[in-house]
Amino acid sequence: MKQSRVRAAELVGRGWLNTGGRDLDLDSLSGRVAILDFWTFCCVNCLHVLDELRPLEEKYGDALVVVGVHSPKFEHERDPAALAAAVERYGVDHPVLDDPDLVTWDAYAARAWPTLVVVDPTGYVVSTMAGEGHLEALDAIVGDLVETHTAAGTLDPGGDLYVAPPAAETALRFPGKAVELPGGDLLVSDSARHRLVRLAAPERLDGAVDGTVVSVIGSGERGRADGTEPRFNEPQGLALLPPETAAAVGYDVVVADTVNHLLRGVRLSDGRTTTVAGTGKQWRSDNGTDAALEVDLSSPWDVAWFSGRIIVAMAGIHQLWHFDPVAGTAGQWAGTTVESLRDGPLDQVWMAQPSALAADGDRLWIADAETSALRYVRDGRMHTAVGQGLFDFGHVDGVGDEALMQHPLGVGVLPDGRIGVADTYNGALRCYDPATGELSTLASGLAEPSDVIAVGGRAVVVESAAHRLTAPRLAETVVDGRHHRVTRKAVRVRPGRLRLEVPFEPASGQKLDFSFGSPLSLKVSADPPQLLASGAGTGEELERELVLEAGIGRGVLQVVAQAATCDAEAEHPACHLTRQDWGVPVEIAEDGDEVLRLVLRD
C-alpha cells in the first residue's frame, strides 16, 4: 500500500441521500476508513462496484463508511428524483452525495466511472483506483488501515451514518422486462424485489395495465437458490422458449438473473427454477469452455429467442452471447468487449451496455444503452439505425444522423411491424420505421420506460419508475429537442508527442498472471480518429507514446486497460482481472501536459 499525505478534498454537492436529511462533510467521516465511490447510475461497471463493496461494508461494520458520490453522465441523471429512485432500485445502503455539477468529481481528479478513493481515519487519501475488480485490493488496504489506526487510537467510529428511507408499498417495484405468455397472461421481472410476477391477462388496454397477480416466483429476497422457492438478484430479461424446446429441456422461460451473473430456467406450471448457464462468478476472461454451466457471465440484461437459440445481451462486457438450451452450450456471439460504437462483422463490432433485444424475422434489434443507439444484426453483420456514440444524446426525431435518444433500455416489435424503443432517460416511447429510416415519438411523460411489448394489438410499456405496466395513448409526433454532448473538464495536452501511462499495482498477495501470455493489455483509439497521428491500437504494455495531430483542437481519447493477476501463494490460485475503459476529453494547447496518467490501481 502506498501512503500519500494528500489531504482529502471537501465533499461538495447539491444534497445528500440516505442520511435522514443530514448533510455530511469530512469531519463526519473522521475516525473511520472511508471509501468514496464515484459513480453514475447508467454505468453497469458502477453497478458491479456496488456489489463488490457490499461484503466489505458487512465485514468492517462501523469501522468503514462507503460514500457514493453520484457524478452524472446523462442529463436525466442530474434529476434528484431520478437519483433517489436509482438509489432505491439498486439497493444502495450507504450515504450518497448528489454531485450534479461534478464539483467533488473534479476536486478528486476523477476521470472515469467508477473511481474509488480510500481516505484514512485522519482525512488523508491513501489510494485511488479506477474501474472494477478491486475487492481484494480494497480489503487489504482497509484491513491494514483498521489495524494501524486501532493501534494508534485514531480509529474511533461514531454511529452509523446511513439512514434507510421508508419502505414503499406498490404491487411491483422497479419492474424491468415483460413477456406475454400463451393464454395472454404477462410475466414481469419485478427487479427491485428480486422475483418474477405473473399477471392475469389484462381485461383492458388503456392506461395502467392492472392485471391481477396470479402467482409470484421467487422469495422476494436478494440471493441465489434453485427449486420451487427460488431466489434471484435483480432479474431483468425474459424469453419464452418454443414449445418443442421447452418440452425437451423441462422449463418454459429463460431469465436473465442480472446481478447473479446467471441464466435461470423457469417452469411455469410450478415455478421450479434451475440454473442453466453461468457459474455465479463475473466474467473476467475466456476460460476455454463452451459448457453453459462452466462459463462465467457478466450482467446479462436481456434474452431473446433468435435463429434457433437464445441470444443474451451481456451488458457487463458490451457483448452479445448465445445459449443453446438443448446442447447446454454458451459463448460469445458478437462484440470484442470494447465499449464504443462500431459496426461490421460480429466478431469486430463495438457495443456499450446492450440492454434489450427483440427478434423480428431475420433481424435482431438491440438497444445499445450507453451509445443511446438502436442497432440490429442481419446476415452476420451489425448495423446502427439510430445513434452517434458514447457522448452524443438527446430527444430528437428524424432520419439517420438527425435522430437522437437518451440511454434506451427496451426494444420491441410493435403491432404494425415497426420497432418500438423504450427511450428510458427521455421518458418516451419512440418508433423506428425500418422502411424509411425515420424515428418518431409515440408517447412522452413516461417514468423511465424499460421495455415495450405488443399485447392484443396495443403497445404495452414497462414503466419502471412508476412501478407498473401501462398502455399509453399513442399520438405520433416529431420532436426537435436539444442535442446534448457529454462534457467533462478537458485535459490540456501539448500537440505532438504525448506519453500515456496507466499505473497498476497488484493487490497484496497477488502477482501478474502470465498463464495465457501477457497479463497486460492497452487499447487506444480516438474520437475523431484523426486526433491520433500514431499510437492507436492494442499492445501488451500499460504505457505508450502517442502522437497527436496538430490540426485537431480537441477530442476524446478512448483508452481500455486491463491487468490479469492471480493469488501468489495459494495451492489453487484464483484469477482476477482488473479492467477500465476511459473516455478522456482532451484539448490541444501549447502549454498542455506532456504526460497523461490514468491510474488503474495505485
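A few notes on this one:
- Overall form of region 1-167 per C-alpha gyration tensor (a/c, 1.5; a/b vs b/c): prolate
- The packing ranking of peptides 336-346, 417-427, 280-290, 68-78, highest mean first, is 417-427, 68-78, 336-346, 280-290, where packing means the average number of other beta carbon atoms within 10 angstrom of each residue.
- Model label points for Ala574 and Ser508, set 7 angstrom from Cα along the Cα-to-Cβ axis, are 1.6 nm apart.
- Take each peptide in 101-112, 12-23, count the other Cβ atoms within 10 Å of every residue, and average; sorted highest first, the result is 101-112, 12-23.
- Nearest-ten-degree value, helix 44-60 long axis tilted from longest Cα axis of the chain: 60
- Inter-probe distance in nm under a simple model that places probes 7 Å from Cα toward Cβ, at Ala208 and Val595: 6.0
- The GluC sites (Glu not before Pro) of region 544-602 that meet both conditions, a loop assignment by DSSP and at most 12 other Cβ atoms within 10 Å of the site Cβ, are Glu569, Glu571, Glu590, Glu594.
- The chain, relative contact order in percent, only Cα pairs under 8 angstrom and at least six apart counted: 10
- For region 1-65: rounded, prolate or oblate by the Cα gyration tensor [a/c cutoff 1.5]: rounded
- Per-residue HN-Hα couplings for region 364-380 [Karplus 6.51, -1.76, 1.60; θ = phi - 60°; Hz; x = Gly/Pro]: 10, 8, 10, 8, 9, 5, 6, 9, 6, 10, 10, 10, 8, 10, 8, 6, x
- Considering all C-alpha pairs of the chain, those separated by over 43 Å amount to 18%.
- Within region 263-398, percent of DSSP bridges classed antiparallel, to nearest 5: 95
- Divided by 2.2 N^0.38 Å, where N counts the residues, the Cα radius of gyration of region 106-173 comes to 1.52.
Coordinate-derived values only; no laboratory data. All values derive from a computational prediction rather than experimental measurement. Counting neighbours? That spans all protein chains shown, and the Cβs are built from the backbone with ideal geometry, glycine included.
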